[in-house]
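This report refers to the structure that appears directly beneath it.
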Amino acid sequence: MPLQEPLVIIPGLMADARLFLPQMVQLGADRPIQIALATKGETVEQMSEDIVAGLPPRFALLGHGLGGDIALDIIRRVPDRVSRVVLMATDPLSEPPQAAAAREARIVAAKSGRLAQAMREEIPLSALADAPWRDEIMALVQDMALGLGEGVFLRQSRALQRRPDQQKTMRKIKLPALVISGDCDTLVPMRRQEFTANLMPFGKLLVIEEAGHLASLEQPEAVSAALAEFLGGPMMLR
């Protein structure tokens, strides 16, 4: 049986491939998986332009957080090359001034050598479901961030501050679209993710129970099963 179309995964703020390692193991036997890190550029548009250059001719797309914003901009650029899209913990609206100001304080902390502290404020313990493995996941969050470094944090933070309102793009997305939300995510509330799913013509919301902002690690089996079902679904819904 031939391999299915590639799945391109764009991890979110200060995350690398390990954010989706369980899904790569689970889904990688059936399809090529490409991880695209948003490390170049200081806006969502610059990051999507950089990533598009290295993508296959046609692919499914998965983005988490900032990665979801970049995924939407990739669809805006090359809609005919994307077969379907998954958005996780993604806020497609521009950042409110209050949130941008709070982010500025974290940028200052990172610039002064306190990246670990900035990440603890960026993804606090309360953003994850209360589970026995929460501390282990938080340690991985720190390890991924420190591995990518202060420069990437600054560029990605600026991109989030300046991110475009993507409602117009989302209304035009005539693709199968799945929004995956952890029911305990305090950073991107359920109401915003419902809005995201409803805005896309073929959007569907899936809630992962006992998971927060990092559902791919908190409930890996549930997320892998959801992705396998969605990726194996009809190519088009029109």
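The values are calculated or read from the model by the stated rules, or taken from the named source; none is laboratory data. As the structure is a computational prediction, the values presented were derived from the model and not from experiment. Counting neighbours? That spans all protein chains shown, and the Cβs are built from the backbone with ideal geometry, glycine included. Just the protein is used for accessible areas: all its heavy atoms, side chains included, with ligands, DNA and RNA removed. Shrake-Rupley method; radii C 1.70, N 1.55, O 1.52, S 1.80 Å.
Numbers at a glance
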quantity	calculated
Only listed residue being in contact with a strand residue (DSSP E or B) (Cβ under 7 Å, 6 or more places away or on another chain), modelled with pLDDT of 95 or more and within 30 Å of Lys111 (Cβ to Cβ), chosen from Gly212, Gly147, Gly151	Gly212
Residue in the range 184-192 that is modelled with pLDDT of 95 or more, open to solvent by less than 60 Å² (accessible area, probe 1.4 Å) and in contact with a strand residue (DSSP E or B) (Cβ under 6 Å, 6 or more places away or on another chain) present	no
Unique match (being closer than 14 Å to Leu160 by Cβ and over 19 Å from the mean Cα position of the chain (by Cα)) among Ile107, Ile123, Ile70	Ile107
Members of the range 90-127 that are among the β-branched types (Val, Ile, Thr) and either within 24 Å of Leu140 (Cβ to Cβ) or touching a residue at least 60 places away in the same chain (Cβ under 8 Å) (or both)	Thr90, Ile107, Ile123
Scan of the range 117-137 for residues that are open to solvent by 30 Å² or more (accessible area, probe 1.4 Å), of a type outside the set (S, T, N, Q) and in a helix (DSSP H, G or I), ordered by number	Arg120, Glu121, Leu125, Arg134, Asp135, Glu136
Any hit, the range 77-85, residues being in a helix (DSSP H, G or I), under 19 Å from Ser224 (Cα atoms), in contact (Cβ under 8 Å) with a residue 60 or more places away in the chain and among the aliphatic types (A, V, I, L, M)	no
Selected residue (criterion: nearest to Glu121 (Cα to Cα)) from residues of the range 1-55 that are acidic (Asp, Glu) and in a helix (DSSP H, G or I)	Glu45
Residue match in the range 5-19 (condition: over 14 Å from His64 (Cβ atoms), open to solvent by 10 Å² or more (accessible area, probe 1.4 Å) and not aliphatic (A, V, I, L, M))	yes
Candidate set from the range 78-110 (those that are surrounded by fewer than 23 Cβ atoms within 10 Å (Cβ to Cβ) and among the polar types (S, T, N, Q)); member that is farthest from Pro189 (Cα to Cα)	Ser83
Residue, nearest to the chain's Cα centre (by Cα), within the range 86-104, restricted to residues that are of a type in the set (A, V, I, L, M, F, W, C) and assigned to a loop (DSSP other than H, G, I, E, B)	Ala89
The range 42-59: number of residues that are more than 18 Å from Leu154 (Cβ to Cβ), buried (at least 22 other Cβ atoms within 10 Å of the Cβ) and in contact with a helix residue (DSSP H, G or I) (Cβ under 6 Å, 6 or more places away or on another chain)	1
